[in-house]
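Novice: Here it is: the structure, laid out below.
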Amino acid sequence: MFVTHVWTPEVAEHYGRLKREAGAVLDVFLAYQHDEEGLGAAEEMQADFVIRMADSARHFPLRYQEFLQRPVPWGYIDLVWITAFLDPRLAGYDRFWLVEYDVDFSGNWADFFRPAASYQGDLLTTRIHPLSAEPTFYFAPIYRQPAHAIADPLIVFMPISRMSRPLLEHYCQTLLQPGWHGHFEMLLPSMARADGFSIAEIGGNDTQTPRERWGHHYDGTHVDMHTMGTTHAYRPPRGFRYFVRAPQQFRQRNRIYHPIKVGLSLRRRLHLRYLPQLKKLRAFSRWLRGKA
């Protein structure tokens with residue numbers, strides 16, 4: 001399931017490559033997160049699934065109300081792709097891949113999905129680590145869990161991930177009851193671990209990565225999530241053009257890249273690329289002013 005809330009010629013071409021290459025291994029669908037500003041995009045793009053937040057509200061009334069109370073609602077995008085996974089047209093599928101629009105692969109997508117199809121785990125994801133390894137996780141303050149949950153909650157990174165149907169159904173049923181609250185990249189893995197579902201790393205160098213997949217699809221650990229030290233991180237962007245348009249800009253082959261941000265102005269690109277350095281410079285300036 002390729003999930004996007006934007007639709008441009010670049011995104012269309014990027015999706016077309018994914019569908020063409022990954023389609024040799026599995027079925028590929030397009031889910032569009034509909035909003036009022038993108039009113040005509042759903043018709044233009046011929047999305048397989050058009051998801052409105054009103055649809056999600058019917059499935060998950062408690063979580064939707066929680067979403068409405070958050071000034072920064074990024075941690076509730078699960079409302080979109082879980083709603084798509086629940087569509088009756090997908091009733092025959094046992095496992096569901098999520099691929100966000102700003103995820104790319106520097107090779108043939110089939111070369112990623114073909115081996116990954118055999119990887120075990122109800123939740124197959126990236127950057128698995130406990131909260132104790134990242135106590136300053138930005139969304140930790142809004143997280144709540146029931147009494148039976150694990151003492152040290154898990155955090156994962158899900159731009160590209162896979163869920164089993166048993167976990168999907170359990171997640172949906174559990175969210176109908178009070179008890180679990182917060183960012184889905186903390187809520188979902190912690191719930192899965194607490195309730196007996198298996199969780200596995202796709203690749204990379206995090207401690208929970210199986211030895212046979214060590215550094216296989218990307219490198220680095222969760223510590224590198226805000227650096228340029230890995231192809232797969234949170235920020236800054238790994239690039240501003242997709243592989244289908246500019247393969248020469250992807251220095252490592254057959255690697256997951258995230259995020260790739262297209263269609264941005266030069267000023268915005270520079271800001272995102274050098275944001276960590278800007279933050280350090282501002283902190284240093286504040287320190288100097290305090291010494292003055």
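Novice: Return the FRET efficiency for the residue pair Q65, A246: r is the Cβ-Cβ distance, R0 is 45 Å, and the value is rounded to the nearest 0.05.
Specialist: 0.60
Novice: Once a ≥ b ≥ c are taken as the square roots of the eigenvalues of the Cα gyration tensor of the stretch 75-179, is the result rounded (a/c under 1.5), prolate (a/b larger than b/c) or oblate (a/b not larger than b/c)? Show your work: numbers first, answer last.
Specialist: Details: a/c = 1.91, a/b = 1.29, b/c = 1.48.
It is oblate, given that a/c is not under 1.5 and a/b is not larger than b/c.
Novice: Report in % the part of the accessible area of the chain that belongs to carbon and sulfur, leaving out ligands and nucleic acids; probe 1.4 Å.
Specialist: 55 percent
Novice: Identify the GluC sites (Glu not before Pro) of the stretch 134-221 meeting these criteria: DSSP loop state and at most 14 other C-beta atoms within 10 Å of the C-beta.
Specialist: Details: sites: E169, E185, E201, E212; in loops: none.
Passing sites in the stretch 134-221 do not exist.
Novice: Same structure, new question: For the peptides 156-164, 18-26, what is the packing order when you average, over each peptide's residues, the other Cβ atoms within 10 Å and list the highest mean first?
Specialist: In descending order of packing, they fall as 156-164, 18-26.
Novice: Under the Karplus relation 6.51 cos²θ - 1.76 cosθ + 1.60, θ = phi - 60°, what is the ordered set of whole-Hz ³J(HN,Hα) values for the stretch 113-127, x standing for Gly and Pro?
Specialist: 6, 4, x, 5, 4, 8, 5, 8, x, 5, 10, 9, 8, 10, 6
Novice: Report which label in (1) 18.0, 56; (2) 19.2, 67; (3) 17.7, 53 holds the value of Rg and Dmax of the Cα atoms in Å derived from the coordinates of this structure.
Specialist: (2)
Novice: Would you tally the net charge around D206, using a Cβ to Cβ cut-off of less than 12 Å, leaving D206 out, and scoring K and R as +1, D and E as -1? Walk me through the intermediate numbers first.
Specialist: Numbers: positive: R127, R213; negative: E134, E201, D219, D224.
So the surrounding residues net to -2.
Novice: Follow-up. Per residue, how much accessible area does the chain have with a 1.4 Å probe, in Å²? Could you put the intermediate results ahead of the total?
Specialist: Working: 14290 Å² over 292 residues.
Accessible area per residue, the chain: 49 Å².
Novice: Pull up all non-local amide H partners of G239: gap of 5 or more, or a different chain, and H-to-H distance under 5 Å with H placed in the peptide plane.
Specialist: Residues meeting the amide H criterion: K261.
Novice: According to the square roots a ≥ b ≥ c of the eigenvalues of the Cα gyration tensor, what is the shape class of the stretch 1-141, taking rounded for a/c under 1.5, prolate for a/b larger than b/c otherwise, and oblate for the remainder?
Specialist: The shape class here is oblate.
Novice: Averaging sequence separations of C-alpha pairs under 8 Å and six or more residues apart, then dividing by the length of the chain, give the relative contact order as a whole percent.
Specialist: 18 percent
The values are calculated or read from the model by the stated rules, or taken from the named source; none is laboratory data. Since the structure is predicted, the reported quantities are computational estimates derived from the model, not experimental observations. Cβ coordinates were reconstructed from backbone atoms using ideal geometry, including for glycine residues, and neighbour counts include every protein chain displayed. Remember, those area values only see protein heavy atoms, side chains included, never the ligands or the DNA or RNA. Shrake-Rupley method; radii C 1.70, N 1.55, O 1.52, S 1.80 Å.
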